[in-house]
1. Restricting to the range 29-48, name every residue that is open to solvent by 20 Å² or more (accessible area, probe 1.4 Å) and under 19 Å from Val95 (Cβ atoms).
2. Do the conditions hold for Arg108, that is, is it touching a residue at least 24 places away in the same chain (Cβ under 8 Å) and among the charged types (D, E, K, R)?
3. If you go through the range 103-114 one residue at a time, do you hit one that is more than 21 Å from Thr25 (Cβ to Cβ) and open to solvent by less than 60 Å² (accessible area, probe 1.4 Å)?
4. Among the listed residues Arg93, Arg74, Arg123, identify the single one that is in contact with an Asp or Glu (Cβ under 6 Å, 6 or more places away or on another chain) and open to solvent by 20 Å² or more (accessible area, probe 1.4 Å).
5. For a quick check of your reading of the model, give me the residue pairs whose first member lies in the range 20-45 and is in a strand (DSSP E or B), whose second is of a type in the set (Phe, Trp, Tyr), with beta-carbon atoms closer than 6 Å and at least 6 apart or on different chains.
6. Just one of (1) in contact (Cβ under 8 Å) with a residue 24 or more places away in the chain; (2) of a type outside the set (D, E, K, R); (3) farther than 25 Å from Ala158 by Cβ trips up Ile53, so point out which.
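The values are calculated or read from the model by the stated rules, or taken from the named source; none is laboratory data. Remember, it's a predicted structure, so these values are computed and weren't measured experimentally. In this analysis, Cβ positions are derived from the backbone assuming ideal geometry, glycine residues included, and neighbour counts consider all displayed protein chains. Ligands, DNA and RNA are excluded from the accessible area calculation, which covers all protein heavy atoms including side chains. Shrake-Rupley method; radii C 1.70, N 1.55, O 1.52, S 1.80 Å.
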Amino acid sequence: MGAEPRALAFVACRSYTRIVVIELTIESIRVSLRNYQRVVILREKDADRYLPIWIGPAEADAIAVRLQEVAVARPLTHDLLTSLIEQLGGTVRSVVVNDLTNDTFFARIQIERDGQVIEVDSRPSDAIAVAVRTKVPIYADESVLDRAGVQLNADGEAIETPEGRTGGITAEERERLSAFSDFIAELDLDDFD
């Protein structure tokens with residue numbers, strides 16, 4: 001597999017199985033100039049691998065409002081959700097982008113209550129919006145990063161291996177994720193400085 005994974009954490013699931021996850025940070029929220037869709041760019045905390053995830057405009061705004069520390073007059077939906085969890089005695093511990101199936105990402109919000117860890121199924125965009133409000137780590141399952149993570153060269157282009165793979169998937173699989181291909185082609189690595 002090459003280099004050892006960085007920033008590993010082990011997350012206990014309800015069935016007491018353990019998965020290997022890698023911590024991510026929010027690099028940016030972008031708007032694709034081709035289709036005006038929003039994409040959140042997550043970056044592996046200790047590496048130059050990126051995980052782009054398409055999100056809706058409302059979720060993009062909810063994440064951006066909190067990241068930019070903009071005050072709002074009334075609670076937004078994710079503020080309400082966070083407050084509800086806390087009022088019911090729970091504490092958000094982390095969020096995990098845990099699956100990629102049929103070009104759709106899946107996530108789990110991990111909540112601790114009375115010593116028990118409860119996992120709640122979520123869209124990644126909603127999980128990230130909760131994470132920025134509660135200041136908890138954002139992780140991705142290593143297999144998701146292996147399949148959809150992208151490393152960029154100095155020109156901002158996706159690095160392809162001799163086997164025709166970028167980000168752990170073949171060029172054919174990447175084409176099925178064509179929305180990402182279009183966006184990745186537009187990236188300017190200088191924007192990440």
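1. Ile29, Arg38, Arg43, Lys45, Asp46
2. Here the answer is no, as Arg108 does not meet what is asked.
3. yes
4. Of Arg93, Arg74, Arg123, the one residue that is in contact with an Asp or Glu (Cβ under 6 Å, 6 or more places away or on another chain) and open to solvent by 20 Å² or more (accessible area, probe 1.4 Å) is Arg93.
5. Val21/Tyr139; Glu23/Tyr139; Val39/Trp54; Val39/Phe183; Ile41/Tyr50; Arg43/Tyr50
6. (3)
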